[in-house]
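Remarks on the structure that follows.
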Amino acid sequence: MRLTKIETFATPDVGFVRVSDEAGREGWGQVSTYQSDISAAVLHRQVAPHVLGVEFDPDTGQDDLFQRAWEKEHKFPGSYMCRAIGGVETALWDLRGKAAGKPVAVLLGGSPGKLRAYASSMKRDITPEQEAERFRRLRGEHGFDAFKFRIGAECGRNRDEWEGRTEAIIPEIAAAMRGEDVALLADANSCYAPGEAIHYGRMLQDHGVSHYEEPCPYWELEQTAEVTAALEIDVTGGEQDCWLPTWRRMFELKAVNVAQPDVLYLGGIGRTLQVAKMAAAAGLPVTPHAANLGLVTLFTMHLLRAIPNAGPYLEFSIEGADYYPWQYGLYRNDPYRVEGGKVEVTDAPGWGVEIAPEWLEAAGYRVSEAAAR
């Protein structure tokens, strides 16, 4: 196989990628959300030259194709390279799935089917009472039986979003869901030093919360390991980490109980599978980060239908136009219907999604092509 063309359609919020091969087949992927137009520029300058026109066996050489691009740009080992590589890599999976007439989940060794989703709140400017009411409403409307709320302030240096909010929201959510047989999750987004993280972790434990995400600054693995060792609640993390040696060290330190890679922050499905295998070797489940309704959630759905150590649920954002206005008008079909608290990977080939032509026409466009042979 040989990729001959890579096209990007990008805004600062989201960027889609279309790849074409020498047979004229096409596939769609996405660079990571946030500063996506910059990621698209990186893609054309630092990824496309290393993957266009290169012959490779898609069954055995796809991962190496992108590893070689990474090595060629070894002086740039950070997030933007991963976000850019992920755009081309996820598009290639779609192309391969369409060529085979199979969903990506099947190419990965899994199957179509349903996945339990947890309703993931992104908001800290919401009162405890409003959050509890929102969860109750979503349980009734869509059947969610797992919910995540936010505590502390994002990278808050031990500060709360406002004084007393965390102390109020933990018992408020627990009381609202008491007797409902639901799972409760909390995310601190790198807020606390170990002492404060342990304090709030014990409060979460006492109120039946089972998942405690990123309690300490995510780059301070020793701090997170200290919190994990002190608590019974599952401490989780890894969404920001795109450097594979960091993942190896995270598992060696026993820093987390649950691994949470983000498919697009990390650089695509292949690199996420590497992290999932490392987690499996450490005896840990994988519950990926998928915090918006761009394509990252769909990629994660296919992944979770395939890996043996998939966690118990999929992260599913519950935020609307007030928080994520750019999520609207992206797709011709809706891949994110929630019924009975579950979403579904269909048997449609590739990712099973169609990007809206009207959105593409309005986005910034760039193309890179292989030299003629």
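Residues in the stretch 239-253 that are assigned to a loop (DSSP other than H, G, I, E, B) and out of contact with any Phe, Trp or Tyr (no Cβ under 7 Å at 6 or more places or on another chain): 2 in all.
Looking only at the stretch 121-135, residues that are part of a helix (DSSP H, G or I), within 21 Å of Leu314 (Cβ to Cβ) and touching a helix residue (DSSP H, G or I) at 6+ places or on another chain (Cβ under 7 Å) come to 2 in all. Applying a threshold of 6 Å to beta carbon distances and a minimum spacing of six or more residues, or different chains, the list of pairs starting in the stretch 55-84 at a residue that is touching a residue at least 60 places away in the same chain (Cβ under 8 Å) and ending at one that is surrounded by 18 or more Cβ atoms within 10 Å (Cβ to Cβ) and hydroxyl-bearing (Ser, Thr, Tyr) reads Arg83/Ser32; Arg83/Ser39. The residues of the stretch 1-34 that are open to solvent by 20 Å² or more (accessible area, probe 1.4 Å), assigned to a strand (DSSP E or B) and not basic (Lys, Arg), listed by number, are Thr4, Glu26, Trp28. Filtering the stretch 179-199 to residues that are part of a loop (DSSP other than H, G, I, E, B) and either farther than 17 Å from Leu138 by Cα or in contact (Cβ under 8 Å) with a residue 24 or more places away in the chain (or both) leaves Glu180, Asp181, Val182, Ala188, Asn189, Ser190, Cys191, Tyr192, Ala193.
If you go through the stretch 55-75 one residue at a time, do you hit one that is more than 20 Å from Asp241 (Cβ to Cβ), outside any helix (DSSP H, G or I) and touching a Leu at 6+ places or on another chain (Cβ under 8 Å)? Among the residues of the stretch 55-75, at least one is more than 20 Å from Asp241 (Cβ to Cβ), outside any helix (DSSP H, G or I) and touching a Leu at 6+ places or on another chain (Cβ under 8 Å), which makes the answer yes. Among the listed residues Gly237, Gly143, Gly156, identify the single one that is more than 28 Å from Pro308 (Cα to Cα) and either open to solvent by 10 Å² or more (accessible area, probe 1.4 Å) or in contact (Cβ under 8 Å) with a residue 12 or more places away in the chain (or both). Selected residue: Gly156, the only one of Gly237, Gly143, Gly156 that is more than 28 Å from Pro308 (Cα to Cα) and either open to solvent by 10 Å² or more (accessible area, probe 1.4 Å) or in contact (Cβ under 8 Å) with a residue 12 or more places away in the chain (or both).
Screening the stretch 82-98 for residues that are touching a Ser or Thr at 6+ places or on another chain (Cβ under 9 Å) and open to solvent by less than 10 Å² (accessible area, probe 1.4 Å) and picking the one that is farthest from Leu264 (Cα to Cα) gives Leu95. Candidates Gly267, Gly201, Gly238: the one that is under 21 Å from Ile85 (Cα atoms) and in contact with a strand residue (DSSP E or B) (Cβ under 9 Å, 6 or more places away or on another chain) is Gly238.
The criterion of at least 3 residues that are open to solvent by 50 Å² or more (accessible area, probe 1.4 Å) is met, among strands (runs of 3 or more DSSP E) falling completely within the stretch 304-373, by 364-369.
Applying the criterion of being farther than 10 Å from Leu204 by Cβ and among the aliphatic types (A, V, I, L, M) to the residues of the stretch 225-234, the residue that is most open to solvent (accessible area, probe 1.4 Å) is Ala229.
Taken over the stretch 200-224, the criterion of being farther than 22 Å from Leu184 by Cα, open to solvent by 20 Å² or more (accessible area, probe 1.4 Å) and in a helix (DSSP H, G or I) is satisfied by Glu222, Gln223. Filtering the stretch 153-187 to residues that are of a type outside the set (D, E, K, R) and touching an Asp or Glu at 6+ places or on another chain (Cβ under 6 Å) leaves Ala153, Asn158, Thr166, Val182.
Residues that are outside any helix (DSSP H, G or I), under 30 Å from Lys114 (Cα atoms) and in contact with a strand residue (DSSP E or B) (Cβ under 9 Å, 6 or more places away or on another chain) within the stretch 152-178 comprise just one, Met177.
Among the residues of the stretch 3-54, which ones are touching an Asp or Glu at 6+ places or on another chain (Cβ under 7 Å), touching a residue at least 60 places away in the same chain (Cβ under 8 Å) and more than 25 Å from Pro349 (Cα to Cα)? Selection gives Thr11 alone.
The values are calculated or read from the model by the stated rules, or taken from the named source; none is laboratory data. Note that the structure is predicted; figures quoted are calculated from it, not measured. Neighbour counts run over all protein chains shown; Cβ positions are idealised from the backbone, glycine included. To get the accessible areas, we keep the full protein, side chains included, count just its heavy atoms, and leave off ligands, DNA and RNA. Shrake-Rupley method; radii C 1.70, N 1.55, O 1.52, S 1.80 Å.
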